[in-house]
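The structure under discussion appears below in the form of C-alpha cells.
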Amino acid sequence: IILAASFLNAKATVHYIKLLGKTEVTLLPMGHEAMTPSLEDDICALYLSALLEGDPFDLKPYIEKIKKCSGKYFFTSQQWEYPQKDFEKCLTMDYFDFAIEAQVSYDHCILTHRKLIPPSCTLKTNR
C-alpha cells in the first residue's frame, strides 16, 4: 500500500496504517519533484515516525530552518506560484481527517480519499 502524507494529514495517515494492522512501514520523503531532497519532507517523515512510535513532536524548532532552505520560495517576489501565505498553510499539522491511498497506474497515480477516523480520534479541523 502506498500512502501520500503531509503535515496536513499525518495523524490520519498513521491512524489508517494502524487500522490496517501494518507492522512494517517505510517512510520515503519525496523531496522536490521526487528528484532532490527537501527539508520539510524529511521533517514530515520525522513527524510521521514520532506518531507511529507514540512519541511527542514539536515542529516549531524547524520552521526558521525550513524558511531558509526549501521554503525560501515562499518569501521571494520572483516565485509567484508560491504565495507567502501558503507557507504556514503547508505546515499546518493534522488539519485533515483522512488518509490518501495512491495506486500506481502506468505513468501516474490514482489518489483515493480514505476517511476511517472514528469520532474518538481528535484532529484540528477548523473548516
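The values are calculated or read from the model by the stated rules, or taken from the named source; none is laboratory data. Please read these numbers as outputs of a predicted model, since none were measured by experiment. With ideal geometry, Cβ positions are generated from the backbone for all residues, glycine too; neighbour counts draw on all protein chains shown. For the accessible areas, the whole protein counts, side chains as well, though only heavy atoms, and no ligand, DNA or RNA atoms are used. Shrake-Rupley method; radii C 1.70, N 1.55, O 1.52, S 1.80 Å.
Before moving on, here are some points about what is shown:
- Principal-axis analysis of the Cα atoms of the chain puts helix 10-20 at an angle of about 20° to the longest axis.
- For residue 62, the shell of other residues with beta-carbons less than 15 Å away shows a net charge of -1, using +1 for Lys and Arg and -1 for Asp and Glu.
- In sequence order, calculated HN-Hα J values of the range 33-44 (Karplus, 6.51, -1.76, 1.60; Hz; x Gly/Pro): 6, 6, 10, 10, x, 10, 4, 5, 5, 5, 5, 4
- Percent carbon-and-sulfur accessible area, the chain, ignoring ligands, DNA and RNA, probe 1.4 Å: 55
- Heavy-atom surface of the chain, accessible at 1.4 Å and reported per residue (Å²): 70
- For the chain, lysine pairs separated by 8 or more sequence positions, or belonging to different chains, with Cα-Cα distances below 22 Å total 25.
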